[in-house]
Amino acid sequence: MTTVFRRVLAIAAAGSLLAGCESLSSFQMPSFGLGGPATTALNLESDPPGAEAKLSGGGSCRTPCTLPAPLVGDMTVSFALPGYQPTTIPVRAVQTPSTAENGFAASTVTLDPNPIFVELQAVAPPPPAKRRRPTAQRARSSQP
């Protein structure tokens, strides 16, 4: 092969890899028994944005963001933002049976819900403290 052809082939391969990046948000990476369970991207959004999102199994980010989440068991995502009520959302791994092209039974594991969108509720400001009026008794006792 010529050098020019190799370069064109490398650029075309890189371009096709980058074109697939948009679909990476739902990409599932198998673990093959190495280093723990398989994970997938858990997409997190809040209104207003900028809330700290914490996954019960570890990991946190500021919304809008994406965290890697294991595809096993149940977990929670907690959202916190100063001036707003904290919110916790349960997330569970769901196994969906399907049939592969070759006719063998297969299954897909996804997270439910995914993506997660939370509308945070503002904390009501505390009512102003009432000033107590001095009574005649207190007014006399405070005089020298």
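Since every read-out is calculated from the coordinates, none of them should be taken as a lab result. Predicted model, so just to flag it, every value in this text is computed and none were measured.
Rounded to the nearest Hz, the phi-derived 3J(HN,Hα) couplings of region 41-51 under the Karplus curve 6.51 cos²θ - 1.76 cosθ + 1.60 (θ = phi - 60°) are 7, 9, 8, 10, 9, 9, 10, x, x, x, 6, where x marks glycine and proline. The P(r) of region 34-92 has a tail past 15 Å containing 46 percent of all C-alpha pairs.
Each residue of region 72-77 was assigned a 3J(HN,Hα) from its phi angle through the Karplus curve 6.51 cos²θ - 1.76 cosθ + 1.60 (θ = phi - 60°); the sequence is 9, x, 9, 8, 10, 10 Hz, with glycine and proline shown as x.
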